[in-house]
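Heads up: the structure comes next, in structure tokens.
A short reminder: the numbers here are calculations on the coordinates, not readings from a lab. Quick caveat, the model's predicted, so the values are computed rather than measured. All Cβ positions, glycine included, derive from the backbone under ideal geometry; neighbour counts span all protein chains shown.
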Protein chains: 2
Amino acid sequence: MMLERRPDCRFVIFGDEKQVLPLIDQHPKLKAVTTFHHTEVSVKMDDKPSQALRYGRYKSSMWRAIDATKTGEADVTVSAGNTGALMAMSKFCLKSMPQVDRPALAGLWPTARGESIVLDLGATIGADARHLVDLAVMGAAMARVVLDLDRPTVGLLNVGVEEIKGVEAVKEAGRILRESNLPHLAYHGFVEGDDLGKGTVDVVVTEGFTGNIALKTAEGTAKQIAEYLRAAMGRSLMSKIGYVFARGAFAALKDKLDPRKSNGGVFLGLEGIVVKSHGGTDAIGFASAAELGYEMAREDLMAKVREMVAASTRPELTAAQPAETE
Amino acid sequence: MMLERRPDCRFVIFGDEKQVLPLIDQHPKLKAVTTFHHTEVSVKMDDKPSQALRYGRYKSSMWRAIDATKTGEADVTVSAGNTGALMAMSKFCLKSMPQVDRPALAGLWPTARGESIVLDLGATIGADARHLVDLAVMGAAMARVVLDLDRPTVGLLNVGVEEIKGVEAVKEAGRILRESNLPHLAYHGFVEGDDLGKGTVDVVVTEGFTGNIALKTAEGTAKQIAEYLRAAMGRSLMSKIGYVFARGAFAALKDKLDPRKSNGGVFLGLEGIVVKSHGGTDAIGFASAAELGYEMAREDLMAKVREMVAASTRPELTAAQPAETE
């Protein structure tokens, strides 16, 4: 599927030969551009990261796939496996970029205007001002590559209630971003939860706890409304007839809401690109995740992140004392 | 509107006689059950709480309406005014309940199963374990009254990524709730963002920053999908014909998604009930908020909150050292 759209891509696949090779054999075109490596160990979906690291380090398919990005055999790693284990192994194998303390998980968010990038979706919990600035810079680098923008707009997620105006760290990060006036990042200011769907900015920055909950709340709301719509269309003969006439419209809506299209979270801040596909997706969804990885590798996301992180850590910025969240 | 459904309710209205009296005069039935008090000062929508308190204390329509609940002239205060000012004046005038440090803003969340109560929606930012337990107890009291449940289920909002499992305060609050095994509250455990729409539990507890962002994210997503649906139905002649047939279904869907139906946030933890209506709502929305207040007053929410807070602060609970969020 992806090969048809991206004929120049090559695959390196790690897995159990008994399970994977018969599948590859069914697709001669894929086979022609694939290097396969047999691995004996695979990481289970519900193991803790520490467990997975213990039995899977150096020899599991997951570790070997990450390591291929490190050795240069691959440009990007794509996995639909255990998120926690993937993050732990990626950190351990690829290491963090200098100047970035903690990695982030970034995702594409479908909006009324197109797509935005939202991070952190749960890689780390809690953030001081410095980490929020790192997220802004890394998210903007990703937006340049994935959304093809020269100077993406960046907003900090905050609450709009006047008397409280959010945590100290968010305010401090806003001050740093405003004052630093970076060349490849246009700081917009604070945004609220409903700005996510509106697409008010190209990059929405928040710490991982809130980001994860916002993402799952939006997914849950979308499912809930789809359910309401299904129930409403099935309630009478008239509505069923209407459904038949408007079939094309419903197909377009379904396509628009298809979560497979924005499948693929990206670990940022490591010395290599790792894309996490949703575990429950199908071939279409996995191809989206792989294609996202392909694009980021082709446009050299790593170089852009490095350049922007370096530009953001000029002396006057690091001198600013980051405030802790309460 | 509300009077038709609740013929035994009485109104005390505060405002500028030049603006309000002509409106009341148009509704003789309303006039018959209304006591009107003229006030010279009104709180502006965009003033800071501190400003509003300075010029509006004792004499603004907002203050007088809150004070009416304190003196007993009214059983509940309903306002569509400035949220921050309403919270500040409510705290100042009504005072917090003993044993409750900080008030909360609770709201009704439409779910696939009916309705849940979610709090805190942004009254205070950050929460230690003790405050999360207070939120659970107050939310459960509200669920008993509004959702008519004897022992509502309560979940703590958390992130599901295995390696991090959320902040310390959330884990500690979970431990306290599980061990205390309160008579009118069934602790369910952690829930995630998508459980809000599913209605997995009757009461969802989170601190105000995350709660506010989850609420606005869900509202934004609902609007975004409604927009997609509108665009899809208008895209071709066939879909427009389909729309005509399915008009009834779309009306039902619109009704289901009508934000006016769940209008009304409730300040909990004060010595009186204050309902905050959305500022941008209309008569239908404001009537929903007023009716919510009516129900809570009739079922004596205050007594239930007091009883449950007292039960939850038995020595073995207060002895537990609450952990601070990071």
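Across the copies of the chain, B:D255 has label points (7 Å from Cα along Cα→Cβ) spaced 3.3 nm apart, shortest distance listed first. The Rg/Rh ratio of chain B, with Rg taken over Cα atoms and Rh as the Kirkwood radius over Cα pairs, comes to 1.00. Take A:I241, move 7 Å from Cα toward the beta carbon, and the resulting point lies 1.1 nm from the same point in each other copy, nearest first. Using a 7 Å projection from Cα along Cα-to-Cβ, the label point at B:D150 is separated from the same position in the remaining copies by 7.0 nm, smallest value first. Placing unit charges on the Cβ atoms of the charged side chains and taking the dipole of chain B about its Cα centre, the candidate lying farthest along the positive direction among B:A32, B:L132, B:M308 is B:A32.
With N denoting the number of residues in the stretch A:137-193, provide Rg(C-alpha) divided by 2.2 N^0.38 Å, to two decimal places. Intermediate values should be presented prior to the final figure.
Numbers: Rg = 12.2 Å, N = 57, 2.2 N^0.38 = 10.2 Å.
My calculation over the Cα atoms of the stretch A:137-193 gives 1.20.
For the pair A:K171 and A:R54, what calculated FRET efficiency results from E = 1/(1 + (r/R0)^6), where r is the Cβ-Cβ distance and R0 = 56 Å, to the nearest 0.05? Intermediate results must be reported in sequence, preceding the final value.
Details: r = 42 Å, r/R0 = 0.74.
Approximately 0.85, to the nearest 0.05.
Toward the positive end of the charge dipole of chain A, about the Cα centre and with charges on Cβ (Lys, Arg +1; Asp, Glu -1), which of A:G265, A:G155, A:A251 goes farthest? Final value for the positive-end residue is A:A251.
Under unit Cβ charges (Lys, Arg +1; Asp, Glu -1), what dipole magnitude, rounded to 20 debye, does the protein assembly as shown have relative to its Cα centre? Don't skip to the end; give the middle numbers.
Numbers: 80 positive and 84 negative charges, 304 e Å.
Around 1460 debye, computed over the protein assembly as shown.
What is the distance in Å between the Cα centroid of the stretch B:196-269 and that of the stretch A:148-226? Their Cα centres are 21 Å away from one another. Mean residue ellipticity at 222 nm, helices only, chain B: -15500 deg cm²/dmol; runs of at least 4 DSSP H residues each add -39,500 (n - 2.57), and the sum is divided by the number of residues.
Derived scalar couplings between HN and Hα for the stretch B:302-309 equal 4, 5, 5, 4, 4, 4, 6, 5 Hz in order, rounded to whole Hz, by the Karplus curve 6.51 cos²θ - 1.76 cosθ + 1.60 (θ = phi - 60°), x for Gly and Pro. Across chain A, Cα pairs under 8 Å and at least six residues apart give a relative contact order of 23 percent.
Three semi-axes describe the equivalent ellipsoid of the protein assembly as shown; taken as square roots of 5 times the Cα gyration tensor eigenvalues and ordered largest first, they are 47, 29, 24 Å.
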